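Trainee: Before I ask anything, here is the structure I am working with.
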Amino acid sequence: MYRLTYLIMIENTIANILIVEDEPKLADILKRGLENYNFRVVQAADGREGIAFSRSESFDLAILDVKLPFVDGFQICRDIRSRNSEMPVIMLTALDSLTDKLEGFDAGADDYMAKPFEFKELLARINVFLRRSTHKNNGSDVNSILRAKDLELNSRTKLVSRQNVNISLTAKEYALLEFFMLNPNRIISKAEIAEKIWEIDFNTGTNFIEVYVNYLRNKVDKGFEEKLIFTHRGMGYILKTN
Ligand code: CA
């Protein structure tokens, strides 16, 4: 009965997960573990296969090892992102290194797990991502809606729209926008963003926060006369609502 609580359905179908892992033992544990919780699992043993599989059908989530034969996990992630901005991607690595983490986020990954990890921990994260994608709008909940002028974010359904047109965001872009909207008209430093959204200490040697803020701007501000997100050079960013 306990297991049933983990049965995740996406629009009445069983969630489809892609695993790209070249270590047979771990790949097998993950596949069997997830199948036990009623996920459908497709497994690739190297990077080339991973890219081919990810292009051949649609998945609800991907788990990518970083170090893989032929093509690494970062490249697979970039390839996925060039076609699909919304599918959650969790990266696995042998080292809990900040460089790998940053490169993963830079490639568009939503989350990161350092090996060895507890299967339960991975399962918990998968469930968070899949629940977020299944939360479609059922009825209104006034308290869960954040507004910045004509931009609207519903923190219950995770839907974002501007001038009533839906905007699709990746999990990290969503988290970033929600953070801006919870802190309007206040300059937010890159260090604060790094800590709150990525749970890492800010390292000035990288520009991934700029990259993400630009992704977000392209989706939220581009094409609109009135801009909402502004840069304060040397200080950070501000979402202006007045
Ligand atoms: Ca590997």
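The values are calculated or read from the model by the stated rules, or taken from the named source; none is laboratory data. As the structure is a computational prediction, the values presented were derived from the model and not from experiment. Methodologically, a virtual Cβ is constructed for each residue, glycine included, from the backbone with ideal geometry; neighbour enumeration extends over all protein chains shown. The accessibility values were calculated without ligands, DNA or RNA, using every heavy atom of the protein model including side chains. Shrake-Rupley method; radii C 1.70, N 1.55, O 1.52, S 1.80 Å.
Trainee: State, as an integer percentage, the relative contact order of region 13-52 based on alpha-carbon contacts under 8 Å between residues 6 or more apart.
Mentor: Taking the mean separation of contacting Cα pairs over the length of region 13-52, I get 51 percent.
Trainee: Could you give the length gained on full extension between residue 40 and residue 23, defined as 0.36 nm per residue of separation minus the Cα-Cα distance, in nm?
Mentor: 4.2 nm
Trainee: Over 30 Å between C-alpha atoms is what I'm after, so list which of 120/172; 67/158; 25/196; 25/190; 115/227 land there.
Mentor: 67/158; 25/196; 25/190; 115/227
Trainee: Hey, can you find the accessible area per residue of the chain for me, probe 1.4 Å, expressed in square angstrom?
Mentor: 52
Trainee: Roughly to the nearest percent, how much of the accessible area of the chain is carbon and sulfur, given a 1.4 Å probe?
Mentor: 49
Trainee: As a test of understanding, state the convex hull volume per residue of the chain from its alpha carbons, in Å³.
Mentor: 137
Trainee: Please state the equivalent ellipsoid semi-axes for region 141-239: what are the square roots of 5 times the Cα gyration tensor eigenvalues, largest first, in whole Å?
Mentor: Semi-axis lengths for region 141-239 are 22, 15, 12 Å.
Trainee: Restricting to Cα pairs below 8 Å that are 6+ residues apart, what does the relative contact order work out to for region 141-239? Please round to a whole percent.
Mentor: Reported as a whole number, the value is 26 percent.
Trainee: How about residue 222: which lysines have a C-alpha closer than 18 Å to its C-alpha, ignoring those fewer than 8 places off in the same chain?
Mentor: 149, 240
Trainee: Test of the criteria: in region 157-242, which GluC sites (Glu not before Pro) are in a DSSP loop and have at most 16 other Cβ atoms within 10 angstrom of their Cβ?
Mentor: 199, 225, 226
Trainee: Moving on to the next point. When only DSSP loop residues count, what chymotrypsin sites (Phe, Trp or Tyr not before Pro) in region 58-136 have their Cβ near at most 16 other Cβ atoms within 10 Å?
Mentor: 70, 117
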